[in-house]
Amino acid sequence: MSRILIIEDEEAIADLEKDYLELSGFEVEIEHAGDTGLLKALKEEFNLIILDLMLPGMDGFEVCKKIREEKNVPILMVSAKKDDIDKIRGLGLGADDYMTKPFSPSELVARVKAHMARYERLVSTNQKTNDIVEIRGIKIDKTARRVYVDGEEKAFTTKEFDLLTFLAENPNHVFTKEELFREIWDMDSIGDIATVTVHIKKIREKIEFDTANPQYIETIWGVGYRFKV
Ligand code: CA
């Protein structure tokens, strides 16, 4: 579940925000002072932080700056003063969004969701940067679902792509047609192991220089296939 930290000294506002966010399925924690809020933000993992500007202990400017030095978590800054919002924008403290109080709870929820989705996309894109399988002349980009053979992109159907990727990620392992069918197709899907043979043939036409003498996907007679390294 996504966790949100609210750092807000006005209890009624903090509680209202918490209620609405919890109704939207988020887990919410509240801190009422800047310094304790900062500690919690640094010590625990949150998916987003809602940070008030005027706070006891340490003001929102400082809290935002200090969180940013350590973490990329989205920060949504709120203030009762429009002027302050303009000022923090100008300071470039690294907050992701700003809201002037009072705001409607539904607007808050909408913004929280938007920032969370954006952040998750960002994080998952970064994680997937390494999601590339490269074996000799073949490069499989799992994120973009693209295959390049000697630098040239080849078009693959979904199942062809899944099958090639599975074999390439388990090089030198011999799989039976039954195993491949189970792995790539749903158990209840229409078809049989002949489907595997057909797909291997199509993949070979795209990746092999000479399909009669395959260099990548080898047929192990009477057993199945393996991706040769
Ligand atoms: Ca305040």
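Miscellaneous remarks
- You can think of it this way: the chain between L122 and D86 has 10.3 nm of extra reach, that is 0.36 nm per residue less the Cα-Cα gap.
- Whichever lysines have a C-alpha closer than 25 Å to that of K82, once near sequence neighbours (fewer than 8 apart) are set aside: K18, K65, K66, K101, K113
- Our summary gives the stretch 1-121 a relative contact order of 24 percent, counting only alpha carbon pairs under 8 angstrom and 6 or more residues apart.
- Leading residue at positive end of dipole, the chain (Cβ point charges), from V198, S2, Y119: V198
- Using a probe of 1.4 Å on the protein chains alone, the accessible area found for F156 is around 40 Å².
- C-alpha long axis of helix 11-23 to longest principal axis of the chain, angle in °: 20
- Calculated P(r) of the stretch 21-140 - Cα pairs past 16 Å, %: 65
- Exposure ranking of V133, V123 by accessible area [1.4 Å probe, largest first]: V123, V133
- Solvent-accessible ranking of E69, E44, largest area first, probe 1.4 Å: E69, E44
- Gyration tensor verdict on the chain (Cα atoms; rounded if a/c is under 1.5, prolate if a/b is larger than b/c, oblate otherwise): prolate
- Take every Cα pair under 8 Å whose residues are at least 6 apart in sequence, average their separation, divide by the length of the chain, and the relative contact order is 12 percent.
- Helix-only CD estimate at 222 nm, as mean residue ellipticity for the chain, using -39500 (n - 2.57) per DSSP H run (n ≥ 4): -14000 deg cm²/dmol
- Segment V174..T219, full-extension length gain: 15.3 nm, with 0.36 nm per residue of separation and the alpha-carbon distance subtracted.
- Within the same chain, lysines fewer than 8 places from K177 are excluded, and of the rest, those with a Cα less than 29 Å from its Cα are K139, K142, K154, K159, K201, K202, K206, K228.
- Stokes-Einstein D in µm²/s, Kirkwood radius over Cα pairs - the stretch 1-75 at 10 °C with 1.306 mPa s viscosity: 132
- C-alpha long axis of helix 193-207 to longest principal axis of the chain, angle in °: 80
- Exposure check, 1.4 Å probe, all protein chains in place: I67 carries approximately 0 Å² of accessible surface.
- Taking Cα atoms only, the orientation of helix 158-169 departs from the longest principal axis of the chain by about 90 degrees.
- Over the stretch 154-220, Cα pairs under 8 Å with separation of 6+ residues give a relative contact order of 33 percent.
- Computed with a 1.4 Å probe over protein heavy atoms only, the accessible area of S2 comes to about 30 Å².
- Segment A155-D19, extension gain: residue separation times 0.36 nm, minus the distance between their alpha carbons: 44.0 nm
- Annotation: the antiparallel percentage among DSSP beta bridges lying fully within the chain is about 50.
The values are calculated or read from the model by the stated rules, or taken from the named source; none is laboratory data. In this text the structure is predicted, and so the values were computed from the model without any measurement. Ideal geometry is used to build each Cβ from the backbone, glycine not excepted, and the neighbour counts take in all protein chains shown. Keep in mind that these areas ignore ligands, DNA and RNA; they rest on the heavy atoms of the full protein, side chains included. Shrake-Rupley method; radii C 1.70, N 1.55, O 1.52, S 1.80 Å.
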